Amino acid sequence: MLMQYDLNEDEAELIEIIRNLRRAFPNGYDNQLWLAEKAFYKLIDLP
């Protein structure tokens with residue numbers, strides 16, 4: 001099932017980072033996880 005959404009740049013970036021998490025394991029996984037957290041907090045606008 002294919003769903004299409006209009007995403008802003010920050011949402012698309014978060015999705016790409018999450019998709020790359022599995023490819024980064026075990027080398028680089030921690031960095032990708034940190035990037036995902038940072039992008040998530042930016043998206044929900046928490047300090």
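The values are calculated or read from the model by the stated rules, or taken from the named source; none is laboratory data. Owing to the predicted nature of the structure, the values given are computational and were not obtained by experimental measurement. All Cβ positions, glycine included, derive from the backbone under ideal geometry; neighbour counts span all protein chains shown. Heavy atoms of the whole protein, side chains included, go into the accessibility calculation; ligands, DNA and RNA do not. Shrake-Rupley method; radii C 1.70, N 1.55, O 1.52, S 1.80 Å.
The table below lists the values:
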| quantity | calculated |
| --- | --- |
| Scaled radius of gyration (Cα, divided by 2.2 N^0.38 Å) that the chain gives | 1.26 |
| Nearest-20 debye value, the chain charge dipole, Cβ charges on Lys, Arg, Asp, Glu | 300 debye |
| Top positive-direction residue, dipole computed over the chain with Cβ charges, set 29, 43, 4 | 29 |
| Relative contact order (%) - criterion: Cα under 8 Å, at least six apart; region: the chain | 40 percent |
| Protein accessible area in the chain, 1.4 Å probe - carbon and sulfur % | 54 percent |
